[in-house]
Every structure is written in C-alpha cells, then in structure tokens.
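Data first, discussion second: the structure below is written as structure tokens.
The values are calculated or read from the model by the stated rules, or taken from the named source; none is laboratory data. This structure is a prediction, so every number in the text was calculated from the model and none was measured. Cβ coordinates were reconstructed from backbone atoms using ideal geometry, including for glycine residues, and neighbour counts include every protein chain displayed.
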Amino acid sequence: MVLAPDLAIRRHANDLRGMWQGRVLEHSEGRMMLVVASMLAHAHPEHFHILMIVAKPVLWDTERGVPKPPFLASIGKIATDGAIVADVREPGMLKPHEMQIFKSVDEFQGLCRKLADRARLSDPDREQFFICAKNWLAADRRIDPATGEKRIVH
C-alpha cells in the first residue's frame, strides 16, 4: 500500500510520538520538560530536532531550527552539595549560566519515575528512559578527582 506523502508524514509523526522518547517528551512539563529535552538532545542528537517538532513543538523555533529559550545547554552535573545543576540559556541572554535544577539526585529520580508512570512506559521502555537519565548525569563533582572518593559538602 502506498500512502500519499502527506499521510506518510503524519504516520511517521504518530510513530515518533508513540516511541518512549516521544511519550516522555509529550507528557513532560515545567523543568522536567527542559530536562527531558536536554536528555534526548544528548542521547539522540541526529533525531532530536524532528522529535521536538513532532512531540513538543512549543520548545522548538522552526524558523531558526533551534530550541526556544529557556533551554538547558548542558548535561546535568551533580554539585558538591548533591544538587543537580545545568547550564541554562534564558531568553535575552547571550551566554548560558549554571543553575540548580534539582535539590538532589533523589528528587530527580522521583520525578523521572512519576514521568515514566504518566507516560505509561513499558518495562523495557522505562529501562531505556532511566539509562538515558543516568547518562545525562555524567559529571559528579562530589567525587574527589585525586582520591576517587565521594565527598559531600553541606
């Protein structure tokens, strides 16, 4: 069966929305929307802009082909006090600045679980989502580079 190009594009868009990446992006809101967009941008850079246009067009500037500010311009980093920080690019600002996104890793994990529940992810999809979330937190400043031991500064 050959679909008209218009129908084929809509079918492809629906397929993308049905994947776990599209579902978590579609069900995310507030700061989790920015975090999920950043997670997917770093995990799937070659498909990110298409996914954004299809699943969360409010975050994408189609004329310029870039995310609309505010957006996270870096991966998440665990600060020495245990908070999760990332570089944020806000409207009207030329350079991103580091900002606290979550108070702790536990808060981040809890919000990821709630989002996975809301998006009704299957067990394999949930596993892939949490791998993506773990990879987004690639830097842990609590670990002393000289000794490799974890330190907490309050």
- Looking only at residues in segment 127-154 that are part of a helix (DSSP H, G or I) and without any contact (Cβ under 8 Å) to a residue 24 or more places away in the chain, which one is farthest from Val36 (Cα to Cα)? Glu127
- Item | Some residue of segment 111-129 being under 16 Å from Ile101 (Cβ atoms), in contact with a strand residue (DSSP E or B) (Cβ under 9 Å, 6 or more places away or on another chain), surrounded by 11 or more Cβ atoms within 10 Å (Cβ to Cβ) and among the hydrophobic types (A, V, I, L, M, F, W, C) | yes
- Message: Can you find, within segment 83-104, the residue that is surrounded by the most Cβ atoms within 10 Å (Cβ to Cβ) among those that are assigned to a strand (DSSP E or B) and more than 14 Å from the chain's Cα centre (by Cα)?
- Response: Arg89
- Task: Give me a count of the residues in segment 1-32 that are at pLDDT below 80, of a type in the set (Gly, Ala, Ser) and either under 16 Å from Gly110 (Cα atoms) or part of a loop (DSSP other than H, G, I, E, B) (or both).
- Result: 1
- State yes or no: is Val35 of a type in the set (Val, Ile, Thr), in contact with a Cys (Cβ under 9 Å, 6 or more places away or on another chain) and either outside any strand (DSSP E or B) or over 15 Å from Phe129 (Cα atoms) (or both)? yes
- Query: Across segment 29-82, which residue is surrounded by the most Cβ atoms within 10 Å (Cβ to Cβ) among those that are closer than 19 Å to Arg113 by Cβ and free of Cβ contacts under 8 Å to residues at least 24 places away in the same chain?
  - Reply: Glu29
